[in-house]
Amino acid sequence: MRKLKTFKKFFLLTILSLILIQLSTESQAQQYKGEFSVLAGYQMLGSAEVYNYNINGISNVNGDMDINDAAYYSAAIGINTSRETMAEIQYIFQPTKISFDPYTVGFQSQTFDADVHYILATGYYLKQLSRTSWGYGGLSLGAAGLVPKNTENNLDPAWRVAFGLTLGAKFLVSKKIGIKIQAQGLFPIQWAGGSLYVGTGGSGYGISAGTTIAQINVGGGLFYAF
């Protein structure tokens with residue numbers, strides 16, 4: 001009987017301890033002012049039908065330009081502006097390749113290494129699912145850049161205005177550390193109509209018109225609450 005009573009006391013003490021730990025975590029979840037996030041995942045799509053493409057000085061070559069699917073890496077810092085809203089600055093980096101497939105007979109496909117960059121300011125609406133978990137959605141505005149790596153072809157970087165849409169969820173697993181999963185749609189809005197790449201030499205590439213490029217990514221990572 002004594003062993004049974006001792007076990008009951010130990011069991012109740014364990015349950016009470018777990019409740020206190022959970023309440024402490026929940027209290028911290030309600031009070032934190034902001035967060036720093038690191039994310040990684042896969043970024044897909046990104047294509048445009050382009051016209052008047054310039055290959056080695058020969059213009060009026062039409063075709064499809066594609067940003068190849070590849071992994072992306074991201075960092076962000078956000079500040080809670082209220083219990084239900086957050087303002088965030090995010091940077092996204094995608095090392096990849098750009099492909100051009102000409103419609104014109106006699107021209108071969110062109111491929112070169114490039115980095116895709118996004119710098120976005122985002123406003124989020126947070127929906128609390130429990131005391132330690134949230135769903136969120138946001139609208140972003142910022143800049144997108146395509147930066148070629150191969151300088152032999154005299155390719156200039158191109159930066160354009162972009163906006164984005166984000167949906168995700170996050171979960172605190174301790175007082176300060178949490179897990180975040182999310183998906184984003186990214187839309188450079190000025191890559192249509194106007195030069196995307198302008199060559200500075202005879203082997204340059206140029207696009208004088210095209211349709212808007214859209215990308216999506218899915219990923220996850222960790223955040224630190226402060």
Would you mind ranking Arg131, Arg83 by Cβ crowding within 10 Å, fewest neighbours first?
Arg83, Arg131
Report the calculated FRET efficiency for Lys97 and Val218 (r = Cβ-Cβ distance, R0 = 25 Å), to the nearest 0.05.
0.80
By per-residue mean of other Cβ atoms within 10 Å, what is the highest-first order of 100-108, 122-130?
122-130, 100-108
Can you quote the Å³ per residue value for the convex hull of the Cα atoms in region 71-137, rounded to an integer?
126 Å³
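Throughout, read-outs are computed from the coordinates displayed, never taken from laboratory work. Just so you know, these numbers come straight off a predicted model, no measurement behind them. Note that we place each Cβ from the backbone using ideal geometry, even for glycine, and neighbour counts take in every protein chain shown.
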